[in-house]
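In what follows, a structure is listed as structure tokens, so that the remarks can point back to it.
The values are calculated or read from the model by the stated rules, or taken from the named source; none is laboratory data. The model shown is predicted, which means the values in this text are computed figures rather than measured ones. We place every Cβ from the backbone using ideal geometry, glycine too, and count neighbours over all the protein chains shown. Ligands, DNA and RNA are excluded from the accessible area calculation, which covers all protein heavy atoms including side chains. Shrake-Rupley method; radii C 1.70, N 1.55, O 1.52, S 1.80 Å.
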Amino acid sequence: MDCVRKIYAQEGLKAFANGLEATIWRHALWNGGYFGSIFGIKKHMPKAETKKGELLINFVAGAIGGTIGTTLNTPPDVVKTRIQNHNPANGPPRYTTFIGGAKTIMQEEGFRALYKGYLPKVLRLGPGGGILLVVYDTVTTYMRNHFM
């Protein structure tokens with residue numbers, strides 16, 4: 001609670017929402033990329049003949065979807081991190097919104113700077129998307145079979 005009091009005293013209530021707009025972009029782009037692609041990917045994959053095959057197809061489709069989502073959401077994640085890392089003692093913030101921050105980063109550092117940290121992120125969220133789809137399908141199938 002001490003940190004909450006200090007942030008409020010030094011930066012005000014608005015400080016608790018720093019990076020919120022970029023965070024919303026980040027989540028919207030990941031979810032849109034992921035859920036917007038997994039069903040199309042599954043449709044183009046061979047039909048599973050076994051339960052194990054179905055799990056594999058779900059994992060692969062989810063991992064590809066997770067990679068797509070991560071590719072789309074990395075730029076707002078980079079901007080969000082820079083917004084949240086700003087120290088008010090260093091003067092006014094350089095980044096305040098996703099679009100404005102992305103423009104500044106591209107002008108000063110180039111497009112690739114919007115993808116700093118992409119590799120470790122995609123190595124985590126790509127397979128994470130596969131696990132997400134496998135778990136979702138397993139749980140919903142169980143619930144359909146036992147509760148409906």
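Laid out as a table, the results:
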| item | result |
| --- | --- |
| Accessible area of the chain divided out per residue, in Å², using a probe of 1.4 angstrom | 66 Å² |
| Loop GluC sites (Glu not before Pro), region 1-79 (other Cβ atoms within 10 Å of the site Cβ: 12 or fewer; DSSP) | Glu49 |
| The chain: angle of helix 20-43 to the longest principal axis, Cα-based, in degrees nearest 10 | 20 degrees |
| Gap separating the Cα centres of region 15-65 and region 111-148, nearest whole Å | 6 Å |
| Segment Leu123-Lys52, extension gain: residue separation times 0.36 nm, minus the distance between their alpha carbons | 23.2 nm |
| Area accessible to solvent at Ile68, 1.4 Å probe radius, in Å² | 70 Å² |
| Per-selection metrics, the chain (Cα): Rg and Dmax in Å | 19.8, 62 |
| Ranking by accessible area, most exposed first, for Val122, Val139 with a 1.4 Å probe | Val139, Val122 |
| Fraction of accessible area attributable to carbon and sulfur, the chain (%, probe 1.4 Å) | 65 percent |
| Between 0 and 90°, nearest 10: helix 2-11 axis offset from the chain longest Cα axis | 60 degrees |
| Inter-site label distance for Phe35 and Thr141 at 7 Å from Cα along Cβ, in nm | 2.2 nm |
| Charge dipole (debye, nearest 20) of region 46-148; +1 at Cβ of Lys and Arg, -1 at Cβ of Asp and Glu | 100 debye |
| Largest to smallest accessible area among Phe98, Phe59, Phe16 [probe 1.4 Å] | Phe16, Phe59, Phe98 |
| Per-pair calculated FRET efficiency, R0 = 22 Å: Ile24 and Thr104 via Cβ, rounded to 0.05 | 0.70 |
| Two-decimal ratio, region 1-81, of alpha-carbon radius of gyration to 2.2 N^0.38 Å | 1.65 |
| Stretchable slack from Met45 to Gln10, in nm (0.36 nm times residue separation minus alpha-carbon distance) | 7.1 nm |
| Trypsin sites (Lys or Arg not before Pro), loop per DSSP, at most 14 other Cβ atoms within 10 Å - longest free stretch of the chain | 95-148 |
| Solvent-accessible surface (1.4 angstrom probe) belonging to His27, in square angstrom, nearest 10 | 90 Å² |
| Degrees separating the helix 98-109 axis from the principal Cα axis of the chain, which is the longest one | 80 degrees |
